[in-house]
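Colleague: If you scroll down you'll find the structure; I have some questions about it.
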Amino acid sequence: MNKNSNTYQILYAAVMVLLVGSLLALIYMALKPKQNENIANDTRKQILSALHIAAPDDSKVKETYEKYIIQDLLVDRDGNVVDSAQNVAFDVDMKKNVKLDDRQLPVMKCKMDDGSIKYVLPMYGAGLWGPIWGYVAVNDDGNTIYGANFSHEGETPGLGARIADKDFQDEFVDKHLFQEGEYKGVVVLKKGLKSTTGAEVVDALTGATITSLGVSAMLEDCLAPYKAFLMKLQSNTPAVVPESEINNNQPE
């Protein structure tokens with residue numbers, strides 16, 4: 001075949017595109033498991049941070065996570081456990097989940113070094129420039145916030161991005177979700193303002209009003225559906241199936 005012909009050049013280009021495409025696909029497939037594990041470990045670190053557990057070395061993230069997170073649960077709006085399979089809560093895609101009318105309500109049950117029990121509830125919402133998400137850890141009284149962690153995709157550095165700062169997240173510690181037995185949640189408002197609903201208030205970030213309102217809306221949207229579950233914790237009504245009857249996150 002004439003190497004200077006149009007046909008040869010077209011065939012040559014097509015073969016090269018096919019070879020390069022195939023090579024890139026093989027590289028992607030080879031690296032994807034590692035990429036997925038890195039994403040999972042980042043999520044584990046965020047959950048551990050909500051529990052005030054220092055992020056371990058990358059090689060020990062999963063081990064540390066499985067040490068503290070003893071059960072994965074899905075609950076319904078009546079506070080009943082509907083699934084307790086291994087990683088069933090961890091694997092919920094909150095980005096897709098929050099758009100559903102009948103959304104899943106994932107809960108991660110944690111046992112601390114002192115034997116106390118915490119419940120981690122995931123959230124997902126919208127900030128100024130993109131999605132925001134987070135995790136709130138609640139004490140076993142079903143009312144008091146133990147810790148919180150927030151992250152974002154593209155909020156403004158030095159402004160909205162400060163939702164990921166420890167100082168802001170620590171403002172949620174010891175806030176109460178219920179007032180006089182009624183669910184009120186926690187709201188984020190400009191400093192000096194009071195909630196009109198009786199909810200406890202966290203001061204908004206200066207210069208980041210929209211992102212702060214996004215956090216507040218995310219808290220309301222994602223925590224309110226757990227009202228019945230939290231009330232069962234308060235009344236000591238068995239909302240969680242016995243550990244002996246479920247598959248927990250501990251390795252075999």
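The values are calculated or read from the model by the stated rules, or taken from the named source; none is laboratory data. What you are looking at is a predicted structure, and each value in this text was computed from that prediction instead of being measured. Ideal geometry is used to build each Cβ from the backbone, glycine not excepted, and the neighbour counts take in all protein chains shown.
Colleague: How many residues, within the range 202-231, are out of contact with any Phe, Trp or Tyr (no Cβ under 7 Å at 6 or more places or on another chain) and not in a helix (DSSP H, G or I)?
Modeller: 5
Colleague: Given (1) surrounded by 15 or more Cβ atoms within 10 Å (Cβ to Cβ); (2) without any contact (Cβ under 8 Å) to a residue 60 or more places away in the chain; (3) under 17 Å from the mean Cα position of the chain (by Cα), where does GLU153 come up short, assuming only one miss?
Modeller: Status for GLU153: all satisfied but (1).
Colleague: Being β-branched (Val, Ile, Thr) and under 22 Å from LEU73 (Cα atoms) is true for just one of VAL136, VAL202, VAL186, VAL215. Which residue is that?
Modeller: Matching residue, one of VAL136, VAL202, VAL186, VAL215: VAL136.
Colleague: Does LYS45 satisfy the condition of being in a helix (DSSP H, G or I), in contact with a helix residue (DSSP H, G or I) (Cβ under 7 Å, 6 or more places away or on another chain) and under 29 Å from GLN169 (Cα atoms)? Before the answer, list the steps.
Modeller: Numbers: in a helix (DSSP H, G or I): yes; in contact with a helix residue (DSSP H, G or I) (Cβ under 7 Å, 6 or more places away or on another chain): yes; under 29 Å from GLN169 (Cα atoms): yes.
Spelling it out, LYS45 is indeed in a helix (DSSP H, G or I), in contact with a helix residue (DSSP H, G or I) (Cβ under 7 Å, 6 or more places away or on another chain) and under 29 Å from GLN169 (Cα atoms).
This table checks each residue for (1) modelled with pLDDT of 95 or more; (2) in contact with a Gly (Cβ under 8 Å, 6 or more places away or on another chain).
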| site | (1), (2) |
| --- | --- |
| THR144 | yes, no |
| ASN149 | yes, yes |
| GLU153 | no, yes |
| GLN169 | yes, yes |
| VAL188 | yes, no |
| CYS222 | yes, yes |
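Colleague: Does GLY115 count as on the phi > 0 side of the Ramachandran plot, surrounded by 16 or more Cβ atoms within 10 Å (Cβ to Cβ) and assigned to a loop (DSSP other than H, G, I, E, B)?
Modeller: When the stated conditions are applied, GLY115 does not pass them.
Yes/no matrix, rows are residues, columns are (1) over 26 Å from THR156 (Cα atoms); (2) surrounded by 21 or more Cβ atoms within 10 Å (Cβ to Cβ):
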position: GLU182; (1), (2): yes, no
position: GLY185; (1), (2): yes, yes
position: LYS191; (1), (2): no, no
position: ALA199; (1), (2): yes, yes
position: ALA208; (1), (2): no, yes
position: GLY214; (1), (2): no, yes
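Colleague: Additional query: Please enumerate the residues belonging to the range 101-127 that are of a type in the set (Lys, Arg) and at pLDDT below 95.
Modeller: ARG103
Colleague: May I pose another question? Could you say which residue among ALA89, ALA30, ALA54, ALA13 is surrounded by fewer than 16 Cβ atoms within 10 Å (Cβ to Cβ) and outside any helix (DSSP H, G or I)?
Modeller: ALA54
Colleague: Check whether at least one residue in the range 73-84 is at pLDDT 95 or above, closer than 30 Å to ASN236 by Cβ, part of a strand (DSSP E or B) and among the charged types (D, E, K, R), and report yes or no.
Modeller: No: the range 73-84 contains no residue that is at pLDDT 95 or above, closer than 30 Å to ASN236 by Cβ, part of a strand (DSSP E or B) and among the charged types (D, E, K, R).
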